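K.L.:
Dumping the structure here so I can ask a few things about it.
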Amino acid sequence: MRIAMIGTGYVGLVSGVCFSDFGHDVVCVDKNPEKIEMLERGEVPIYEPGLEALMAKNVQAGRLSFTLDLASAVDGADAVFIAVGTPTRRGDGHADLTYVMAAAEEIAAAANEYVVIVTKSTVPVGTNRQVKQTVKKANPNLDFDVASNPEFLREGAAIEDFMKPDRVVVGVQNDRAAEVMQEIYRPLYLRDFPVVVTDLESAEMIKYAANAFLATKITFINEIASLCERVGADIKQVSRGMGMDNRIGDKFLHAGPGYGGSCFPKDTKALARIGQEHAVPMQITETVIKVNEEVKRRMVDKLLDLCEGSFNGKTVAVLGVTFKPNTDDMRDAPSLTLVPALVGGGAKVRVYDPQGHHEGEALLPGVQWSEDAYKACHNADLLVILTEWNEFRALDLKRIAKKMAMPRMADLRNIYSVKDARKAGFTAYESIGRAGYSA
């Protein structure tokens, strides 16, 4: 089938590349000339393991191309996917649908035969019906259907998630649109991956409900971790004991400095706003948003305690600034709360992140970027592990402790243990939801 993918951000690019690997003819469209030129050179503008190689394979096979010309991409397409940004609208927390509706109008102007217009972007309930109205208004004679196809891609594991999904969700209004979507996802049908075909509103709601629930699990375990610190319990043992219950499961029960990224902060705010608009307050989700911000601020207090009440004049090494490992994404990352607090308090901050430098340079002014973890820690008064990149899981702690002016560690991902820190020579160690120590 012929597919046009409008938008080459994280979702659009990954989806377009993977669809082409299914054997479809895919044209990815973007308004940014620099991005299209970059993609045509075979360069990927985001960090996602395996994406560059898969993209090159399908470009070489002639199934994948990139263009600035939306009209040529849409002309003759069986399906056009809208995968543009839906950022939080300033002032009210709602998802900004400006780019979605602009794409719908352009598709309407370019299409001249039956096409399924598919919303891949995360959008509030009712958006696909708005897309339909927008297209009808722009081109009353166009034969088309709309479909909702929310994404469930984890940054850092997006290709595997696309190729081996827990489920594919498709919202449609009739069998004709369903048949087109089934043909697009035929390779997954043949391998018995579950495809949930439902109505538009249910498909839209599934995405928000899923993300809000996962954000709730993270926030819940972070609150329990705070209580563990007061009562002397070990959050890792508590999480393990909870996760063995099949009704709960062990995923998203890892205590840390709060959730961030491109989905959870934006989608929880949007869901809370949807609830307010329909007079059904999402009280749990609203509390999750509030508590998550408190978790980040609590991390600042933890660092202050390790620095004896003041950051002024201290040298702090921060390992990891992306919101999670295996991505360069820093949207709503905990580092955007913690690092400015350190700099604002008078600390000299050295940062190392395997992929975060490009985005972080603009987002974290006033820091010094290091080439590796060990250089970041040289003569530092405090080491902060903020993102659990694999290379941080087997650091030579003895070497680091010897290089530091004051060997103190804030392990905000619970990678190490009190025993590890003591043995390496750290005079103070704090983690999340576990007992620490200070010599």
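The values are calculated or read from the model by the stated rules, or taken from the named source; none is laboratory data. Keep in mind it's a predicted model, so treat the numbers as computed, not measured. Here the Cβ positions follow ideal geometry from the backbone for every residue, glycine too, while neighbour counts run over all protein chains shown.
K.L.:
When the residues of the stretch 162-177 are filtered to those that are surrounded by fewer than 15 Cβ atoms within 10 Å (Cβ to Cβ) and either polar (S, T, N, Q) or in contact with a strand residue (DSSP E or B) (Cβ under 8 Å, 6 or more places away or on another chain) (or both), which remaining residue is farthest from A109 (Cα to Cα)?
P.N.:
Of everything passing the filter in the stretch 162-177, R167 is farthest from A109 (Cα to Cα).
Okay, residues lined up against (1) crowded, with 21+ Cβ neighbours inside 10 Å; (2) without any contact (Cβ under 8 Å) to a residue 60 or more places away in the chain:
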site: L70; (1), (2): no, no
site: I82; (1), (2): yes, no
site: K120; (1), (2): yes, no
site: T127; (1), (2): yes, no
site: Q130; (1), (2): no, yes
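K.L.:
Still on this structure, I have one more. Based on what the data block shows, is V29 closer than 18 Å to D161 by Cα and surrounded by 24 or more Cβ atoms within 10 Å (Cβ to Cβ)?
P.N.:
Spelling it out, it is not the case that V29 is closer than 18 Å to D161 by Cα and surrounded by 24 or more Cβ atoms within 10 Å (Cβ to Cβ).
K.L.:
Right, something else. Only one of (1) under 25 Å from the mean Cα position of the chain (by Cα); (2) buried (at least 19 other Cβ atoms within 10 Å of the Cβ); (3) in the same structural domain as L54 (by TED's automatic domain parsing); (4) part of a helix (DSSP H, G or I) is not met by V180, so which one is it?
P.N.:
In the conditions (1) under 25 Å from the mean Cα position of the chain (by Cα); (2) buried (at least 19 other Cβ atoms within 10 Å of the Cβ); (3) in the same structural domain as L54 (by TED's automatic domain parsing); (4) part of a helix (DSSP H, G or I), V180 misses (1) alone.
K.L.:
If the Cβ limit is 6 Å and pairs must be 6+ apart or interchain, which residue in the stretch 345-361 that is closer than 13 Å to L386 by Cβ pairs with which residue that is among the small types (G, A, S) and part of a loop (DSSP other than H, G, I, E, B)?
P.N.:
Final answer for the pair search is R350/S370; Y352/S370; D353/G320.
K.L.:
Right, here's the next one. Given (1) within 23 Å of the chain's Cα centre (by Cα); (2) modelled with pLDDT under 95, identify the lone condition not met by L190.
P.N.:
(1)
K.L.:
Scanning for something outside the structural domain of N211 (by TED's automatic domain parsing), over 23 Å from M181 (Cβ atoms), surrounded by 19 or more Cβ atoms within 10 Å (Cβ to Cβ) and touching a helix residue (DSSP H, G or I) at 6+ places or on another chain (Cβ under 9 Å), does the stretch 53-63 turn up at least one residue?
P.N.:
yes
K.L.:
Just checking, how many residues over the stretch 146-161 are in a helix (DSSP H, G or I) and surrounded by fewer than 21 Cβ atoms within 10 Å (Cβ to Cβ)?
P.N.:
Residues meeting the conditions: 3.
K.L.:
Residue check: is N112 touching a Leu at 6+ places or on another chain (Cβ under 6 Å), of a type outside the set (A, V, I, L, M, F, W, C) and either farther than 30 Å from P49 by Cβ or not assigned by TED's automatic domain parsing to the domain that holds G7 (or both)?
P.N.:
no
K.L.:
Can you find a residue that is assigned to a helix (DSSP H, G or I), among the β-branched types (V, I, T), free of Cβ contacts under 8 Å to residues at least 12 places away in the same chain and assigned by TED's automatic domain parsing to the domain that holds E294 anywhere in the stretch 225-240?
P.N.:
Scanning the stretch 225-240, I find at least one residue that is assigned to a helix (DSSP H, G or I), among the β-branched types (V, I, T), free of Cβ contacts under 8 Å to residues at least 12 places away in the same chain and assigned by TED's automatic domain parsing to the domain that holds E294, so the answer is yes.
K.L.:
Just give me the residues in the stretch 263-281 being surrounded by fewer than 21 Cβ atoms within 10 Å (Cβ to Cβ) and part of a loop (DSSP other than H, G, I, E, B), in sequence order.
P.N.:
H278, A279, V280, P281
K.L.:
List pairs: first in the stretch 424-439 and in a strand (DSSP E or B), second exposed (fewer than 14 other Cβ atoms within 10 Å of the Cβ) and not hydrophobic (A, V, I, L, M, F, W, C), Cβ under 7 Å, 6+ apart or cross-chain?
P.N.:
Sorted first by the residue in the stretch 424-439, then by its partner, the pairs are A428/Y437; A428/S438; Y429/Y437.
K.L.:
Sticking with this one: How many of the residues making up the stretch 350-383 are crowded, with 23+ Cβ neighbours inside 10 Å, farther than 27 Å from P49 by Cα and in contact with a helix residue (DSSP H, G or I) (Cβ under 7 Å, 6 or more places away or on another chain)?
P.N.:
Going through the stretch 350-383 one residue at a time, the tally reaches 3.
K.L.:
Taking I400 as meeting all but one of (1) part of a strand (DSSP E or B); (2) touching a Cys at 6+ places or on another chain (Cβ under 9 Å), write down the number of the exception.
P.N.:
Of the numbered conditions (1) part of a strand (DSSP E or B); (2) touching a Cys at 6+ places or on another chain (Cβ under 9 Å), the odd one out for I400 is (1).
Quick grid of which residues meet (1) farther than 22 Å from I235 by Cβ; (2) out of contact with any Ser or Thr (no Cβ under 8 Å at 6 or more places or on another chain); (3) among the aromatic types (F, W, Y):
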{"position": "T387", "(1), (2), (3)": "no, no, no"}
{"position": "L395", "(1), (2), (3)": "no, yes, no"}
{"position": "R399", "(1), (2), (3)": "yes, yes, no"}
{"position": "K402", "(1), (2), (3)": "yes, yes, no"}
{"position": "R413", "(1), (2), (3)": "no, no, no"}
{"position": "D420", "(1), (2), (3)": "no, yes, no"}
{"position": "F426", "(1), (2), (3)": "no, yes, yes"}
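K.L.:
Of the residues A111, A102, only one is crowded, with 20+ Cβ neighbours inside 10 Å and among the aliphatic types (A, V, I, L, M); which?
P.N.:
A111
K.L.:
Identify, please: which residue in the stretch 384-419 is of a type in the set (A, V, I, L, M) and surrounded by fewer than 16 Cβ atoms within 10 Å (Cβ to Cβ) and is, among those, nearest to I432 (Cα to Cα)?
P.N.:
A394
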